[in-house]
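Colleague: Take this structure, written in structure tokens, and hold onto it; I'll ask about it next.
The values are calculated or read from the model by the stated rules, or taken from the named source; none is laboratory data. Everything numeric in this text was worked out from a predicted model, so none of it was measured. Here the Cβ positions follow ideal geometry from the backbone for every residue, glycine too, while neighbour counts run over all protein chains shown.
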Amino acid sequence: MAVINVATSDTFEQWRVKSNGLATLVGDDSGLTSRYTATDVIGALNEIKSNSTFDNEINIADQIGDGVVILAGEAAILKLTAGAQDVITLNQTGNATVAADLDTIGAMSVGTTLGVTGNTTVGGTLTSQGLLTANADIDCNGLINVSGTLTVDGSSTLGDQTSDTTTITGIATVGNGLTVNGAVTTLNQGLTVSGAAQFNNAFNMGDTLTVANTFTANGNTVLGNSTGADLVTFGSRVNTAIVPNVNNSYTLGESSLKWSTVHATTFSGTATTANYADLAELYLSDFAYEAGTVVQIGGEEEVTASTGESNHSILGVVSAYPAYLMNNQLENGIPVALKGRVPVKVGGTIKKGDRLVGAPEGHGVADNEACRSFAIALGDFKATKKNPTGIVEAVIL
């Protein structure tokens with residue numbers, strides 16, 4: 001600060017000379033930049049204090065000694081640069097909003113909501129305790145930890161090293177493609193990707209996963225964290241082999257939750273089991289006969305109900321639930337049990353062990369003296385005047 005020392009013994013001329021020197025110390029106010037409107041020193045200082053404007057950059061002394069924190073402008077870009085050991089902290093009690101692109105070389109930590117209108121590029125770790133929203137792309141080369149919701153309208157690339165991890169506690173929504181290169185990706189709630197999704201390492205999904213395009217997981221993939229409660233829905237087809245990682249250890253379905261129908265070309269295995277007990281084949285018939293009907297070769301098609309006159313032509317019994325069905329591509333065919341045990345429509349009294357032969361109207365009757373029989377009864381049936389016909393379990397010979 002400029003000071004005028006005037007002694008009581010100074011003459012007026014001496015005081016005038018010292019006063020003129022003050023202009024040299026203070027300077028000409030016309031040298032102030034045109035950004036300021038004050039015409040006196042105090043006014044200019046107050047204006048600078050309330051609305052500072054610098055033509056080049058601001059250098060803040062480093063407290064550690066490895067450089068300075070520099071706030072500088074370059075073209076239309078505002079750059080904030082710190083030394084390797086420095087941490088730049090922006091104390092923001094509310095939400096942080098970036099109206100254009102956000103580009104950081106090091107780590108970024110946000111305590112509340114972060115909203116970015118443009119692209120977001122983070123060179124280090126990205127941590128957000130609240131909502132993270134980007135209206136364009138996100139490219140993060142380090143760890144990702146979002147405690148709230150992640151919403152990205154553009155494409156996203158998270159992590160560029162195998163040691164990086166991505167953890168999103170809230171719902172993640174990506175408006176375009178998503179690529180995750182980190183070691184482990186954990187999503188505790190839903191993930192919706194409008195484009196393709198690619199995970200290049202382990203992937204843990206705690207809730208709904210929706211991918212509108214190709215989904216690629218190159219590492220271990222865990223979908224759901226509650227046995228029996230979480231669901232995986234496939235709206236597409238599988239174009240690769242499905243192979244377990246160990247031999248003879250996993251089951252497809254279970255006793256109380258079965259697949260309805262399995263379609264395949266070749267089945268190869270050690271053993272097969274079935275709930276039903278007959279071997280059947282589809283044949284064309286002249287009528288849609290009900291299960292248990294004894295059929296023989298004849299009629300307008302391949303088979304017809306037995307008549308009792310052609311026991312040498314008895315083929316088998318119409319089956320309701322074949323354990324193994326052959327010729328299943330035949331249209332309008334009925335399944336005829338050729339071997340095994342099935343219910344059989346019978347007429348007259350039947351005792352267990354009786355041999356059955358063909359009878360009229362698709363029934364079987366007992367005849368232990370016949371040289372041709374098609375089945376052996378496994379149970380009894382007592383015929384009455386009121387109920388002359390019935391059903392018995394029998395083994396097709």
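Colleague: If you go through region 235-285 one residue at a time, how many are of a type in the set (Gly, Ala, Ser) and outside any loop (DSSP other than H, G, I, E, B)?
Modeller: Residues that pass the stated criteria total 2.
Colleague: Another question about this same structure. Could you look through region 308-333, keep only residues that are polar (S, T, N, Q) and part of a loop (DSSP other than H, G, I, E, B), and pick out the one that is surrounded by the fewest Cβ atoms within 10 Å (Cβ to Cβ)?
Modeller: Among those that are polar (S, T, N, Q) and part of a loop (DSSP other than H, G, I, E, B), it is Gln329.
Colleague: Do we find that Ala197 is more than 16 Å from Thr151 (Cβ to Cβ) and surrounded by 17 or more Cβ atoms within 10 Å (Cβ to Cβ) in this structure?
Modeller: No.
Colleague: Tell me the residue from Val336, Val295, Val303 that is buried (at least 19 other Cβ atoms within 10 Å of the Cβ), closer than 14 Å to Asp278 by Cα, modelled with pLDDT of 95 or more and under 55 Å from the mean Cα position of the chain (by Cα), please.
Modeller: Within the list Val336, Val295, Val303, the selection yields Val336.
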